1. Out of all Cα-Cα pairs in segment 86-145, roughly what percent, to the nearest whole number, are more than 18 Å apart?
2. Find the Cα radius of gyration of segment 41-90, compare it with 2.2 N^0.38 Å by division, and give the number to two decimals.
3. Spelling out what I want: for every residue of segment 58-63, take phi, set θ = phi - 60°, compute 6.51 cos²θ - 1.76 cosθ + 1.60 (Karplus), and round to whole Hz; glycine and proline get x.
4. With axes computed from alpha carbons, what is the tilt in degrees of helix 174-183 against the longest principal axis of the chain, rounded to the nearest 10 within 0 to 90?
5. Calculate for the chain the 222 nm mean residue ellipticity that helices alone would give, adding -39,500 (n - 2.57) per DSSP H run of length 4 or more and normalising by residue count, nearest 500 deg cm²/dmol.
6. Take every DSSP beta bridge with both residues inside segment 46-190 and express the antiparallel ones as a percent of the total, to the nearest 5.
7. Can you tell me what percent of all Cα-Cα pairs in segment 39-137 are more than 25 Å apart?
8. Average projected area of the Cα convex hull of segment 169-245, in nm²?
Amino acid sequence: MSDANIDLHTHSNRSDGALPPAALVERAAAAGIDVLALTDHDTTAGLDEAFGAATGHGIRLVPGVEISASWRSQSIHVLGLWIDPSQPALRTALDGQAQRRHVRIRRLCAHLDAQGLPGTQLLAAVEARGGLPTRSHLAAALVAGGHARSPDDAFRRFLGRGQAAQLAAGWPPVAEVVGWIVAAGGCATLAHPARYRLSASARRQMLADFAAAGGRALEVVTGANATQHVEPCSRWARSHGFAASVGSDFHDPQLTWNPLGRLAKLPPDMTPVWRDRLG
Ligand code: AMP
Ligand code: MN
Ligand code: MN
Ligand code: MN
């Protein structure tokens, strides 16, 4: 699979992506992708539809999920790649995550309400979309209601670090999340490792904890615009013995800086996370 076009991190509208799973697969095929993972936030609800579409488009679909976890006070995203979405313990765990997301979005809206924003209306707008609620949906509702100029503005003013986001963390510890993925036969892969605000020593400890829990890989190539992260992520993978993954974190065709299927290659000495998975 050395020349294959591989993208192991994408979102559909079952979480905060813009496209239904089948349309995502179609777009991936048009972009020349051979192997695609659908990794919605805390849900596998799009996988059946994606598998149905993949066959017709000659795409190998990797069943995946991006699970929200916590390490100390940080939110950490762990990709489960090649999971069995029907595994009972994973199903129970993801039901718990869905519950946490519904509770969290209500708390975020109550918090915004206390700041003078129309919390009830914002909650109704988010819940009307269906799928699992995320802060992206709340950002979209804030923009639609004229309370923010753009999703980025909404995150900066209301939903980002130091804002309401801190209020409602409470994701399970990263070791527990890795355990769910491993129990479901998946490969636990740390998403966008350069995005967490950690000191060098805290990052080393987090990576060591992730490895000790059964974490196997780091997303070394992530997004079209983050080539400066490839080298540090490769270094961290080498020093902790992790395999390496590649994923765009694609959400929306309108976010033109983050397209499907235009990812940098892994450094040649990295062990690709797909090495033993794709024949
Ligand atoms: P959640 O998982 O509910 O905390 O929502 C996090 C999601 O919000 C991420 O997966 C991104 O898709 C999105 N996001 C985070 N920060 C920003 C930002 N500054 N602008 C737009 N979207 C963002
Ligand atoms: Mn997202
Ligand atoms: Mn993420
Ligand atoms: Mn993602």
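1. That tail contains 36 percent of the Cα-Cα pairs.
2. On the way: Rg = 13.2 Å, N = 50, 2.2 N^0.38 = 9.7 Å.
Computed over Cα atoms of segment 41-90, the ratio equals 1.35.
3. 3J(HN,Hα) across segment 58-63, in whole Hz: x, 9, 8, 8, 9, x.
4. Once rounded, the angle reads 50 degrees.
5. Rounded to the nearest 500, it is -11500 deg cm²/dmol.
6. On the way: 12 of 13 bridges.
Antiparallel: roughly 90 percent of the beta bridges in segment 46-190.
7. Result for the distance tail: 32 percent.
8. Numbers: hull surface 21.6 nm².
Across all orientations, segment 169-245 yields a mean hull projection of 5.4 nm².
Only the coordinates and a few stated rules stand behind these numbers; no lab work does. Remember, predicted model here, so these are calculated numbers, not experimental data. For neighbour counting, all protein chains shown are included, and Cβ atoms are generated from backbone atoms with ideal geometry for every residue, glycine included.
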